[in-house]
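Everything on this sheet refers to the single structure shown next.
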Amino acid sequence: MASTTDMAPSAARKAAASAAARVTEKSREQELEAQVAQLQSDLKSIGETLKKLTGDKANEVRDIAETEIRQLKRRGQHMVEEAQDQAGEYEQQLKETIRAKPLTAVATALGVGFVLALLTR
């Protein structure tokens, strides 16, 4: 059988191994905590970058929308001006027709009035 002196080195080795294991475990925990902190920092940085990119895209889209709105306003104004010009031309043609053929114009107006009166009854 083994004596207590033979067992002492074995117990000392176990204690040293246990202490080394605890130190290694603590160092791993510290390493993991550092990695988690780094990941949190990276995620925060990524979030800020995405926020900037989103803001830049939003500004770009707003600029494009404002440009489109200006173009649509110009087109709308141009169409209104064209409609006014055409209405003015029709008015001028109507006046010329009435001056050239006043009896025909009066008869046409009476006919249109009669038809509208029948429709509204």
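Laboratory data are not the source of any read-out in this text; all were calculated from the coordinates shown. These numbers come from a predicted model, not from an experiment. When we count neighbours, we look across all protein chains shown, and the Cβ atoms used for this are built from the backbone with ideal geometry, even at glycine.
See the values below:
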| read-out | value |
| --- | --- |
| Pairs, first touching a residue at least 60 places away in the same chain (Cβ under 8 Å) and at negative phi in segment 44-58, second of a type in the set (D, E, K, R) and in a helix (DSSP H, G or I), C-beta under 6 Å, six or more apart | none |
| Unique residue being surrounded by 10 or more Cβ atoms within 10 Å (Cβ to Cβ), of a type in the set (A, V, I, L, M, F, W, C) and in contact with a helix residue (DSSP H, G or I) (Cβ under 7 Å, 6 or more places away or on another chain) when the list is ALA109, ALA87, ALA83, ALA105 | ALA105 |
| Neighbours by Cβ (under 7 Å, 6+ apart or cross-chain): first from segment 77-99, at positive phi and hydroxyl-bearing (Ser, Thr, Tyr); second surrounded by fewer than 10 Cβ atoms within 10 Å (Cβ to Cβ) and not in a helix (DSSP H, G or I) | none |
